[in-house]
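Notes follow once the structure below has been shown.
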Amino acid sequence: MTNATQPASTPKLEEQPILQRMVAARQIPSGDAAQFLAAFRGEVATEEEVLAWLAAEYDCLYNDLEGAAPERETLALFPPRLLLKEGILPLRRDGEVIEAATSRLFAPEAFDSLRVVTGLTIRPVLSPTVAIQRETKKWLGVGADTIGTIEEEEGLQVVSDEGAEDGDLDDAAEDASIIRFVNQVLTDAVNLRASDIHLEPFEDELRLRYRIDGLLQEIPVPASLKRFQPAIVSRIKILSQLDIAEKRLPQDGRIKIRLEQKEIDVRVSLIPMLYGEGVVMRLLRQDRSIAGLGEMGMAPRDVSVFRQLLDVPHGIVLVTGPTGSGKSTTLYSALSEINDQVRKIITIEDPVEYHIKGVNQIQVNEKTGLTFARGLRSILRHDPDVVLIGEIRDNETARIAVQASLTGHLVFSTLHTNDAPGAPTRLIDMGIEPYLVASSLEGIMAQRLVRVLCRSCRREDTTSASRLYARQMGIADSARLYVPEGCEKCRRTGYDGRRGIFELMRLDDSLREMILHSRSSVALRDAARLAGMRTLAEDGTRLVGEGVTSFDEVLRVSRVEGNAAKNEAG
């Protein structure tokens, strides 16, 4: 240890919360805290700085674990519970010595525990606590400690679906370790901003995937998880109040959870598959604030036109796009803009994703017969000014929505079409007469969600092909273009979060005339573009020019007329 004298001006230990915490965690010997204060002159910024300094002082390695790749054979030498308990991650073996990452150099009993298990010498490598936790979960899998606990407990008998006694399976599902595992999966999904959790049974594994920013990402789990599949599925059934004995038919349920004062509604769907029941859980955060239209990221022209649509006294305004494209968020933002004391707003939804004060919201319940069509007929007898229909799915719902709009109501709804010009054609295909579509529709907004480039690792793209394509798409030469790189913050995807791209078509007389004569969606698109509509691809290009996303991401989510141009540029 360097002999340093603490300057009179150096703050005391109690004034240094990072050092206090590290002393308490035995990352720093308490007797040497004053010398650490002197070495850093009271300006300790991070745990990483202290650990790097410690490594130099005590002649050991420091590794921030960026891009770490522990040897699987070395990891397999130790029980996962022991590694998680001691906060140690074995990295590699060199003969009779194992290098292991730790943030607690002065907790020798942890190394003794590992030495007892293998009989090998443990050489410490200093690494940040957060990095060790991150890599341990990555390499050992979610719930490794929980599964280890189950395997060590003789009292728990895991039974198979075939010939299982319901009582035994119920008992297994209520085991503390199974409960902890399911809770951990839900907690991790919330912390990673996942929208869906997928538990997929296969012949020799139970796969866990989260949908993050619109794409599924596989989450590592212990290989032995497959053995506990029946108990895990049964635990989810118990939480969602489903029939634990029913394994041959699909079931749907819901779970209400609270995490760090945040309420989350979990919609559960179970479907029997070849090797067991598959589970999908959709996470709906009840406490999300509703953004105003000005905060949605629309182009100024689209914001202006959409606000004009909100002021029309009656008619239908549709938002279209695939599942998970942000349609409900846009509609809720629209309702928030017009939610006042003089209008009565009623919604019928499946499910109710946001709770809005002052808006009357109805939850569809197919089991009791409360369908969209039946609920909509009742809503119209409640003297509403504005009606929101969660989705137009069939001819009956579409017909009632059209009639409501023609009798003085402003109707909002969603529809599954690829773009805005395809919505009138879709309604006609549902059996609605062209003259009713032409007279009731006021505007259609198509949208998609594109992933936002990670600010920590995005890399500027200066290739000639990208510059040529940018010029063809109307992006200024001065604009800086970026491509994804990938880092630990964004889980190596290169993206972090999502933004909307929009295609807004306001109906005018010429478009109504074309709908009346059942013109194709291609013809409607050409006419709408002449009237000022920007396509999804063109709006996405706007975000590319602002450095928000990449060309490849826009191409992924939209049907782009410029595909050929990019191929030529490439």
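The values are calculated or read from the model by the stated rules, or taken from the named source; none is laboratory data. Bear in mind the structure is a predicted one, so any value in this text is a computation, not a measurement. Note that each Cβ is placed from the backbone with ideal geometry, even for glycine, and that neighbours are counted across all protein chains shown. The accessibility values were calculated without ligands, DNA or RNA, using every heavy atom of the protein model including side chains. Shrake-Rupley method; radii C 1.70, N 1.55, O 1.52, S 1.80 Å.
Quick notes on this structure:
- Filter result for Ser405 (outside any loop (DSSP other than H, G, I, E, B), buried (at least 16 other Cβ atoms within 10 Å of the Cβ), hydroxyl-bearing (Ser, Thr, Tyr) and modelled with pLDDT of 90 or more): yes
- Scope segment 447-460; condition out of contact with any Lys or Arg (no Cβ under 8 Å at 6 or more places or on another chain) and either free of Cβ contacts under 8 Å to residues at least 60 places away in the same chain or within 30 Å of Asp508 (Cα to Cα) (or both); matching residues: Arg448, Arg455, Arg459
- Residues of segment 473-531 classified as more than 30 Å from Ile316 (Cα to Cα) and of a type in the set (Lys, Arg), total: 4
- Within segment 540-552, the set of residues being out of contact with any Gly (no Cβ under 9 Å at 6 or more places or on another chain) and surrounded by 24 or more Cβ atoms within 10 Å (Cβ to Cβ) comprises Gly540, Val544.
- Test: residue in segment 536-549 that is more than 32 Å from the chain's Cα centre (by Cα) and at pLDDT 90 or above: no
- Filtered residues of segment 194-208 (kept if open to solvent by 50 Å² or more (accessible area, probe 1.4 Å) and in contact with a strand residue (DSSP E or B) (Cβ under 6 Å, 6 or more places away or on another chain)): Arg207
- Filtering segment 87-98 to residues that are more than 34 Å from the chain's Cα centre (by Cα) and either touching a residue at least 40 places away in the same chain (Cβ under 8 Å) or crowded, with 21+ Cβ neighbours inside 10 Å (or both) leaves only Ile98.
- Scope segment 408-446; condition of a type in the set (A, V, I, L, M), assigned to a helix (DSSP H, G or I) and touching a residue at least 60 places away in the same chain (Cβ under 8 Å); matching residues: Ala423, Ile428, Val437, Ala438
- Any hit, segment 488-501, residues being open to solvent by less than 10 Å² (accessible area, probe 1.4 Å), under 25 Å from Leu309 (Cα atoms) and of a type in the set (D, E, K, R): no
- Qualifying positions in segment 512-530 - among the hydrophobic types (A, V, I, L, M, F, W, C) and farther than 19 Å from Ile501 by Cβ: Met514, Ile515, Leu516, Val522, Ala523, Leu524, Ala527, Leu530
- Listed by position, the helices (runs of 4 or more DSSP H) inside segment 41-133 whose residues that are modelled with pLDDT under 90 and among the acidic types (Asp, Glu) number at least 3 are 47-57.
- Test: Thr371 is of a type outside the set (A, V, I, L, M, F, W, C), surrounded by 18 or more Cβ atoms within 10 Å (Cβ to Cβ) and farther than 21 Å from Met445 by Cβ: yes
- Residues of segment 502-522 classified as open to solvent by 30 Å² or more (accessible area, probe 1.4 Å) and more than 12 Å from Tyr435 (Cα to Cα), total: 8
- For segment 443-465, the tally of residues that are open to solvent by less than 30 Å² (accessible area, probe 1.4 Å) and either of a type in the set (D, E, K, R) or modelled with pLDDT under 85 (or both) stands at 2.
- Scanning segment 459-479 for residues being out of contact with any strand residue (DSSP E or B) (no Cβ under 6 Å at 6 or more places or on another chain) and in a loop (DSSP other than H, G, I, E, B) gives a total of 9.
- Subset of segment 466-487 that is open to solvent by 20 Å² or more (accessible area, probe 1.4 Å), under 22 Å from Arg134 (Cα atoms) and not charged (D, E, K, R) - its residue that is modelled with the highest pLDDT: Pro484
- Just one of the listed residues (Val387, Val312) is of a type in the set (A, V, I, L, M), out of contact with any Leu (no Cβ under 6 Å at 6 or more places or on another chain), buried (at least 22 other Cβ atoms within 10 Å of the Cβ) and closer than 20 Å to Leu507 by Cβ, namely Val387.
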